[in-house]
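Please treat every number below as a calculation from the coordinates, not as lab data. Given the structure is predicted, the values throughout are model-derived calculations rather than measurements. Reconstructed Cβ throughout: ideal geometry from the backbone, glycine too, with neighbour counts over all protein chains shown.
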Amino acid sequence: ELFVIGDRPTLVRAILNLLTNSWKYTGDTKQISIEARAAARWVDIVVRDNGSGIAREDVSSIYEQFKRGRAAVDTGAPGMGLGLAFVRTIVRGQKGKLDFESRPGETTFRIRLRRASDPEGETAPVAERATS
């Protein structure tokens with residue numbers, strides 16, 4: 001029962017890119033999750049994995065076009081370094097926010113989008129709708 005303001009096909013492509021990155025940069029014991037949750041007037045979409053993490057020296061340039069991190073180079077993972085730049089552009093275009101946290105063994109990307117009323121026009125918080 002979470003509704004966001006934005007272009008559905010474009011947002012799906014952004015989320016798919018984050019999930020694809022999670023798949024590429026985790027080992028054989030993949031643990032990838034996606035979660036959507038209400039955060040006041042926002043909806044957070046969180047993608048978390050148990051991959052190698054983003055190297056400290058790559059953090060400042062993670063969203064640059066054609067820039068590939070150390071993990072991408074070391075593993076030989078396919079790609080051109082456009083994915084996260086693409087995700088950031090999409091999220092900003094939807095007037096949302098994109099951030100991440102990373103350490104060895106866990107990386108979490110969060111897309112934060114403006115929350116909308118549901119299609120029936122109800123504007124009550126999710127918790128109130130779920131209990132009524």
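Structure notes:
- Remark: the W23-R8 segment gains 3.2 nm on full extension, using 0.36 nm per residue and subtracting the alpha carbon distance.
- Highest-first packing order for the peptide set 36-46, 105-115 is 105-115, 36-46, based on the mean count of other beta carbon atoms within 10 Å.
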